[in-house]
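What follows is a single structure, written as structure tokens, with notes after it.
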Amino acid sequence: MASRTSNAGDEKITCGFVRAWQLNLRCWKLWMEQVPGYFVSSLFSSVCTALTPYVTLILSAQIISELAGGRDPQRLLFWAVLTVVVTALLALLGGALRQWNGFEQGRVATERFKPLADKITTLDYAEIDRQELYDLYAQIRQNDTWRGLGFSESLRYFPDLCKAVVQILGGIGFTLTLFLTDVPADSPMAFLNNPLSMLLVLGAMVAAVLISSMCSSKSAMMMIQRAAMCREANRYANFYGVMALDDKRAADLRIYCQQEKVCRHYMDEFEAHYTRFGPLARLPRGKMGLLAGLSQAISALLTCFVYLFVCLKSWGGAFDVGSVTRYVGSATQLFGGMTLLLKTLGNIRANGEFLELTFQFLDLPNHMYQGSLTTEKRADRNYQVEFRDVSFRYPGSDSWALRHVNVKFRIGSRLAVVGPNGSGKTTFIKLLCRLYDPTEGTILLNGIDIRKYRYQDYIALFSVVFQDFRLLSLPLGENVAGSAACDRDLVERCLQDAGFGPRLKTMPKGLDTFLYKKLDKDGVEISGGEAQKIAIARALYKDAPFIVLDEPTAALDPIAEADIYSKFDSIAGDKTAIYISHRLSSCKFCDEIAVFDHGAIVQTGGHETLVADETGLYHQLWQAQAQYYTKES
Ligand code: ADP
């Protein structure tokens, strides 16, 4: 337990106020572009909420003054009707504005992870499996899940600040005369006119506001400092939740009783933090609760003090009894506004730490060099690629995944890449498609280093079906076209060529049939082999000059695979095709075969030549598979 929570202790809040304020403004700016309606509606709604009590106070003060003074029934009726009408109108307006704001808040809630998702999809591919990146992202998500810390929290400050400012301005405006109106000189309360007593009263009020806000901020901070611990707990809970929903794990989960023995076990440990006697529950019962209570008590004392001061002035004859309600109400609003302002500023500071993490993620640079050359669209598909002494190590890895690879693709040729597991075949393809850049050596396209081309132009040259490809829970046609707008005839042709034709006929809505049921209840579940055929059709639809199949047929039976490979030769036409397959018999027709072993190309040549070389790895692999099939047959 100790080891798992070692990084989950109290978090020190080190971000200074100025930095936190700058980050907060940056966050608002970002959101203003995304959801401007939230800011406009928050502004109107907060102003309305802050002003309503003042309007009600002024009107009710008029009624009380009338009751205590002239008692004119007509004037009383006028003020009573006006109060009811204005209060009702304000309530109506306030309600409508809150509804609008609530709708905008809903938009914010759904879009709050969009900037992060946008960032991930544009990051260098090499960054994606970096552990530090994953940790940073998980921290940001968990901070938000736990208490909305980071982006969501920052958004809440905008209405709070608007409300506080309006409340303070209104309060100052309405309470100014409280201090400026003198008690008659012959009154026993005349000492209240003395500037010193005024200063004393004002000083006591400001001090009470400061102490109350400080206690409240300190109390809130004590909870926020537990963020690291709660984040860790949430991370496990989240993992359990996501895992439980993953249909691909459902079978393993049951067979190995993982839900009880592994997942629940981890979760129970972290849930312990949230129990009645856990460290979080202890916080409100200790110093944190005391500080929060103290903050409230000081506010209450302050209200009593204001009452006393206002009543004494009224008793001394400075103003009538109706003004007592108005002054007490306005002063309470003023202190409420000041407390809210200070509390919000304190929260902004505390949240700075979490925004820092979010922006650290959003500011991650893309290291891959982006060239400016364009890969002119050539009708003759005359694109020649060469690996020149290429070596590669995965980021953070000490061992070479590829070592001194030299190979040239002949245009329009068929190249097979074979070799044992872990020999570097997929890595070779990932470098070819520039998902990674070589650690050493160069890859050239038509004699020019591929880094000098515009990235999007270069990757547009490749259609790849990876081993672990994924289809989207969207209509079949959109999956193949990779876009909502698709050329339906071409999609159908590609599906036919990939061997999906007979199955297409059984799809209830043809190309409009949703794959899987995640987004559509009438969606169709497909087998691994069918998915592979769709993925191949997607690669054909892209019509790129290079087409790569990285063992995409692993889920197909040998007959279906042989069928696809033999067809593929004609489908690929003048494209340069690269095949990776475990089944050497599938690659027999290729012009050239590159045999990989321990990250290096150990043999190249045609099938017949390689099989004949009895000392070579290809011969060994071929023999092993031939024996297997002979026995089978
Ligand atoms: P193959 O496709 O021939 O099975 P790979 O190209 O996938 O082999 O892997 C080559 C080597 O690189 C293996 O030793 C593998 O463990 C390592 N490797 C693959 N992917 C990664 C990665 N993302 N990070 C670190 N090492 C990796």
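The values are calculated or read from the model by the stated rules, or taken from the named source; none is laboratory data. Fair warning: this is a prediction, and the values are worked out from it, not measured in the lab. Cβ atoms come from the backbone with ideal geometry, glycine included; neighbour counts cover every protein chain shown. These area figures cover heavy atoms from the full protein model, side chains too; ligands, DNA and RNA do not enter into them. Shrake-Rupley method; radii C 1.70, N 1.55, O 1.52, S 1.80 Å.
Can you pull out every residue in region 497-509 that is at negative phi and not in a helix (DSSP H, G or I)?
Hits for region 497-509 are Ala498, Phe500, Met507, Pro508, Lys509.
Only one of Ala498, Ala485 is under 29 Å from the mean Cα position of the chain (by Cα) and hydrophobic (A, V, I, L, M, F, W, C); which? It would help to see each step written out before you state the result.
Numbers: Ala498 fails: under 29 Å from the mean Cα position of the chain (by Cα).
Of Ala498, Ala485, the one residue that is under 29 Å from the mean Cα position of the chain (by Cα) and hydrophobic (A, V, I, L, M, F, W, C) is Ala485.
Can you tell which of Ala164, Ala208 is crowded, with 16+ Cβ neighbours inside 10 Å and in contact with a Gly (Cβ under 7 Å, 6 or more places away or on another chain)?
Ala164
Taking into account only those residues within region 65-81 that are part of a helix (DSSP H, G or I) and either touching a strand residue (DSSP E or B) at 6+ places or on another chain (Cβ under 8 Å) or open to solvent by 60 Å² or more (accessible area, probe 1.4 Å) (or both), which is modelled with the lowest pLDDT?
Residue satisfying both the conditions and the ranking: Ala68.
Residue by residue through region 599-620, note down the ones that are touching a residue at least 60 places away in the same chain (Cβ under 8 Å), surrounded by 19 or more Cβ atoms within 10 Å (Cβ to Cβ) and not hydroxyl-bearing (Ser, Thr, Tyr).
Of everything in region 599-620, those that are touching a residue at least 60 places away in the same chain (Cβ under 8 Å), surrounded by 19 or more Cβ atoms within 10 Å (Cβ to Cβ) and not hydroxyl-bearing (Ser, Thr, Tyr) turn out to be Gly599, Ile601.
Going residue by residue through region 33-44, is there one that turns out to be surrounded by 15 or more Cβ atoms within 10 Å (Cβ to Cβ), outside any helix (DSSP H, G or I) and modelled with pLDDT of 90 or more?
yes
Given the conditions (1) hydrophobic (A, V, I, L, M, F, W, C); (2) modelled with pLDDT of 95 or more; (3) outside any helix (DSSP H, G or I), which single one is not true for Trp21?
Exception for Trp21: condition (3).
Determine whether region 418-429 contains at least one residue that is without any contact (Cβ under 8 Å) to a residue 40 or more places away in the chain, surrounded by fewer than 18 Cβ atoms within 10 Å (Cβ to Cβ) and within 11 Å of the ligand (Cβ to nearest atom). Steps first, answer last, please.
If we filter region 418-429 for residues that are without any contact (Cβ under 8 Å) to a residue 40 or more places away in the chain, which is where we start, we get 421-422.
Filter once more, so that each one left must be surrounded by fewer than 18 Cβ atoms within 10 Å (Cβ to Cβ): 421-422.
Now drop any that are not within 11 Å of the ligand (Cβ to nearest atom), which leaves 421-422.
Scanning region 418-429, I find at least one residue that is without any contact (Cβ under 8 Å) to a residue 40 or more places away in the chain, surrounded by fewer than 18 Cβ atoms within 10 Å (Cβ to Cβ) and within 11 Å of the ligand (Cβ to nearest atom), so the answer is yes.
Considering only residues that are open to solvent by less than 30 Å² (accessible area, probe 1.4 Å) and among the β-branched types (Val, Ile, Thr), look in region 396-417 and name the one that is farthest from the ligand (Cβ to nearest atom).
Among those residues, the one meeting the criterion is Val407.
Which count do you get for residues in region 459-475 that are within 16 Å of the ligand (Cβ to nearest atom) and either farther than 27 Å from Lys425 by Cβ or not aliphatic (A, V, I, L, M) (or both)? First the steps, then the outcome.
Start the filter on region 459-475 by keeping residues that are within 16 Å of the ligand (Cβ to nearest atom), which leaves 464-469.
Subset that is either farther than 27 Å from Lys425 by Cβ or not aliphatic (A, V, I, L, M) (or both): 466-469.
Going through region 459-475 one residue at a time, the tally reaches 4.
Which count do you get for residues in region 545-564 that are open to solvent by 10 Å² or more (accessible area, probe 1.4 Å) and either modelled with pLDDT of 80 or more or touching a Phe, Trp or Tyr at 6+ places or on another chain (Cβ under 6 Å) (or both)?
Going through region 545-564 one residue at a time, the tally reaches 1.
Kindly check whether there is at least one residue in region 476-496 that is open to solvent by less than 40 Å² (accessible area, probe 1.4 Å), more than 16 Å from the ligand (Cβ to nearest atom) and of a type outside the set (A, V, I, L, M, F, W, C).
Yes, that holds for at least one residue.
Kindly indicate which of Lys567, Lys542 is open to solvent by 10 Å² or more (accessible area, probe 1.4 Å) and at pLDDT 85 or above.
Every option except Lys542 fails the conditions.
Return the residues of region 149-190 that are over 18 Å from Leu345 (Cβ atoms), of a type in the set (Phe, Trp, Tyr) and at pLDDT 90 or above; say none if nothing qualifies.
Within region 149-190, just Phe151 meets the criteria.
Could you please tell me which pairs satisfy a Cβ distance under 6 Å, a separation of 6+ or placement on different chains, a first residue in region 391-409 that is hydroxyl-bearing (Ser, Thr, Tyr), and a second residue that is near the ligand (Cβ under 8 Å from one of its atoms) and modelled with pLDDT of 95 or more?
Ser391/Leu402; Tyr394/Ala401
Note down all Cβ pairs under 7 Å where the first residue falls in region 39-55 and is among the polar types (S, T, N, Q), the second is open to solvent by 40 Å² or more (accessible area, probe 1.4 Å), and they're at least six residues apart or on different chains.
Going by the 7 Å Cβ cut-off, the qualifying pairs are Ser41/Trp100; Ser45/Arg98; Ser46/Lys163; Thr49/Lys163.
Limited to region 430-458, what total is found for residues that are hydroxyl-bearing (Ser, Thr, Tyr) and within 13 Å of the ligand (Cβ to nearest atom)?
Looking only at that region, the number is 2.
Quick check on Lys521: is it within 32 Å of the chain's Cα centre (by Cα), over 14 Å from Asn479 (Cβ atoms) and without any contact (Cβ under 8 Å) to a residue 24 or more places away in the chain?
Judged against the criteria, Lys521 is a match.
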